[in-house]
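First up is the structure itself, then whatever we jot down about it.
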Amino acid sequence: MEQAGSRVVVIDVLRACSTMIYALSQGCKVIHPCDTVSKAKDLFRQKVKSLGKDGVLLGGERGGVRVRGFHLGNSPEEYSSDAVRGRAVIFTTTNCTRNLTAVRSPKEVIICSFVNLHTVVEYLSKEDADVLLALSGTDGQMSLEDAVCGGMLINMLSDRREVVLSDSARTAHVLYLHYRRNIRQALLDSSHGKRLLELGFKDDIGFCAGVGKYEIIPRHVRGRVVC
Ligand code: MLT
């Protein structure tokens with residue numbers, strides 16, 4: 001996916017972008033997104049040779065739950081300072097890391113969710129460059145929570161600079177206006193949110209609905225997500 005001249009903002013509220021943002025806020029050195037479990041395992045073996053066993057962790061999910069043999073799953077708060085400070089994380093998730101490895105931008109690829117939204121908007125408002133919102137979605141379908149987050153970004157950005165919206169951006173904005181007084185409800189109403197509740201990840205939903213908690217902007221640069 002490439003858009004000439006655009007800065008790309010990848011959004012995955014539940015949960016991969018929220019997890020990456022939290023991990024980096026806790027002192028994780030670098031995240032290596034991989035599109036498949038086998039690539040993640042191969043890269044882990046390589047990194048152990050250079051960084052040692054204590055220097056690198058395997059994290060991610062399939063079907064929402066931690067991959068067997070991985071150190072960490074995809075619940076943001078697993079990536080606490082105790083777990084990740086000073087370490088590299090090899091990370092693979094069902095949708096987001098696959099999308100992330102496919103996205104190209106001539107400018108930059110920014111990682112965004114509700115938890116760092118204010119900082120991303122402040123940054124985007126400083127320039128007039130086109131912005132492409134890449135919503136991760138679920139299994140190729142649009143996700144309500146990602147659209148509402150994109151819509152909130154549009155709403156905040158339009159207070160700071162002129163914006164011209166595509167039909168899909170306008171749709172996301174309208175969805176945000178519907179949920180603006182209760183962002184958490186959008187996550188609870190979404191099919192992904194319902195599935196996470198069934199799996200017992202209620203706390204992750206509360207975490208991922210926390211708007212503007214972290215003031216960092218992770219970027220995907222040549223296969224590495226760093227701040
Ligand atoms: C994904 O990338 O598919 C998601 O982050 C899935 C999840 O909530 O674990």
Exercise. In percent, what relative contact order does the chain have, based on Cα pairs under 8 Å that are 6 or more apart in sequence?
Worked result: 31 percent
For this session: With a point put 7 Å past each Cα toward its Cβ, work out how far Arg219 is from Arg181 in nm, to one decimal.
Result: 4.0 nm
For this session: Can you tell me the 0 to 90 degree angle between the C-alpha axis of helix 167-179 and the longest principal axis of the chain, rounded to 10?
Result: 90 degrees
Exercise. Which ³J(HN,Hα) values, rounded to whole Hz and listed in residue order, are derived for region 94-105 from phi using the Karplus coefficients 6.51, -1.76 and 1.60 in 6.51 cos²θ - 1.76 cosθ + 1.60 with θ = phi - 60°, glycine and proline given as x?
Worked result: 4, 10, 5, 5, 5, 5, 4, 6, 8, 7, 10, 9
For this session: Take every DSSP beta bridge with both residues inside the chain and express the antiparallel ones as a percent of the total, to the nearest 5.
Result: 30 percent
Exercise. Once amide H atoms are placed 1.01 Å from N in the peptide plane, what residues at a sequence separation of 5 or more from Leu132, or on another chain, have their amide H within under 5 Å of its amide H?
Worked result: Arg7, Val8, Val9
For this session: Rounded to whole Hz and in sequence order, give me ³J(HN,Hα) for region 40-53 from the Karplus expression 6.51 cos²θ - 1.76 cosθ + 1.60, θ = phi - 60°, writing x for Gly and Pro.
Result: 4, 5, 4, 5, 4, 4, 4, 5, 4, 5, 8, 9, x, 5
Problem set entry | Global size of region 16-93 as Cα Rg and Dmax, reported in angstrom | 11.0, 31
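Using the Cα centre of region 16-93 as the reference point, and only Cβ charges (+1 on K/R, -1 on D/E), how large is the resulting charge dipole? Debye, rounded to the nearest 20. Can you show the working numbers first?
On the way: 12 positive and 7 negative charges, 74 e Å.
The calculated dipole for region 16-93 is roughly 360 debye.
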Problem set entry | Where labels lie 7 Å past Cα in the beta-carbon direction, separation of Arg62 and Arg160 in nm | 4.0 nm
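Which FRET efficiency value, to the nearest 0.05, do you get for Leu188 and Glu108 by plugging their Cβ-Cβ distance into 1/(1 + (r/R0)^6) with R0 = 25 Å?
Working: r = 32 Å, r/R0 = 1.30.
That pair, Leu188 with Glu108, gives E of 0.15.
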Problem set entry | Helix-only CD estimate at 222 nm, as mean residue ellipticity for the chain, using -39500 (n - 2.57) per DSSP H run (n ≥ 4) | -12000 deg cm²/dmol
Seminar exercise, completed: With the dipole of region 1-100 defined by +1 on each Lys or Arg Cβ and -1 on each Asp or Glu Cβ, the option from Cys17, Ser80, Leu58 whose Cα lies farthest towards the positive pole is Leu58
Seminar exercise, completed: re region 39-159: pairs of Cα atoms spaced beyond 22 Å account for a percent value of 47 percent
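Taking every DSSP beta bridge with both residues inside region 16-93, roughly what % is antiparallel (nearest 5)? The partial results should precede the final answer.
Details: 2 of 12 bridges.
For region 16-93, the DSSP antiparallel bridge percentage is about 15.
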Exercise. Could you give P(r) for the chain, binned at 5 Å from zero, as whole percent values over all Cα-Cα pairs?
Worked result: 1, 7, 15, 21, 21, 16, 10, 5, 2, 1, 0
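Coordinate-derived values only; no laboratory data. Just so you know, these numbers come straight off a predicted model, no measurement behind them. Because the Cβ atoms are built from the backbone with ideal geometry, glycine has one as well, and the counts that use them run over all protein chains shown.
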